[in-house]
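This report refers to the structure that appears directly beneath it.
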Amino acid sequence: MDISGFFQGMSAALAGGAAASGWTVAVIVANVAFDGLDYNRADRQLRRVLLVAASFQAILLGGAAVCAIFGGAIAAMVVSLLTALGFLTNVWTLAPRKGPRVTGVRENRKGKRVVAVSLTLIMTLMAAAAAVLAAMGF
């Protein structure tokens with residue numbers, strides 16, 4: 001095995017880890033939280049897990065992009081970087097509002113959570129695609 005094959009394998013492993021993490025957060029943690037906790041606690045827990053996991057997944061995909069470029073897998077690098085930015089959108093989606101609160105208007109936390117879970121599932125598919133591209137050397 002040459003060095004480019006090693007970096008392609010590392011890129012595939014890192015992108016696959018990000019995909020597995022996304023599936024775990026969006027499907028398993030969500031189901032367990034809403035199964036065993038009351039609605040408000042489950043909502044708060046899931047939003048927190050999504051927020052923390054998004055940074056971790058973006059770091060994994062950044063490492064996958066670096067390994068892909070060293071391995072010569074340009075398409076895997078591009079998809080990894082776009083997916084890392086996609087996971088970071090969860091951080092922006094779930095960020096608390098700054099500034100004065102408008103009287104009589106409630107913040108739609110459920111809508112933010114639904115959008116964040118949907119983005120996580122979409123980015124999970126893209127991370128899996130990046131892993132496949134890296135494994136094939138594209």
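The values are calculated or read from the model by the stated rules, or taken from the named source; none is laboratory data. The shown structure was predicted, so the numbers you read here are calculated from the model rather than taken from an experiment. For neighbour counting, all protein chains shown are included, and Cβ atoms are generated from backbone atoms with ideal geometry for every residue, glycine included.
Within the stretch 84-130, being within 20 Å of Ala65 (Cα to Cα) and of a type in the set (S, T, N, Q) holds for Thr89, Asn90, Thr120, Thr124. Evaluated against (1) on the phi > 0 side of the Ramachandran plot; (2) modelled with pLDDT of 95 or more, Gly99 falls short on exactly one condition, (2).
Pairs are defined by a Cβ separation below 7 Å, a sequence spacing of at least 6 or placement on different chains, a first member in the stretch 68-95 that is touching a residue at least 40 places away in the same chain (Cβ under 8 Å), and a second member that is of a type in the set (Lys, Arg); the pairs so defined are Leu94/Arg47; Leu94/Lys112.
In the stretch 37-75, of all residues being charged (D, E, K, R) and part of a helix (DSSP H, G or I), the one that is surrounded by the most Cβ atoms within 10 Å (Cβ to Cβ) corresponds to Arg47. Screening the stretch 1-36 for residues that are among the aromatic types (Phe, Trp, Tyr) and modelled with pLDDT of 95 or more and picking the one that is surrounded by the most Cβ atoms within 10 Å (Cβ to Cβ) gives Phe7. Residues in the stretch 93-111 that are under 29 Å from Ile59 (Cα atoms) and surrounded by 10 or more Cβ atoms within 10 Å (Cβ to Cβ): Thr93, Leu94, Ala95, Asn108, Arg109, Lys110, Gly111.
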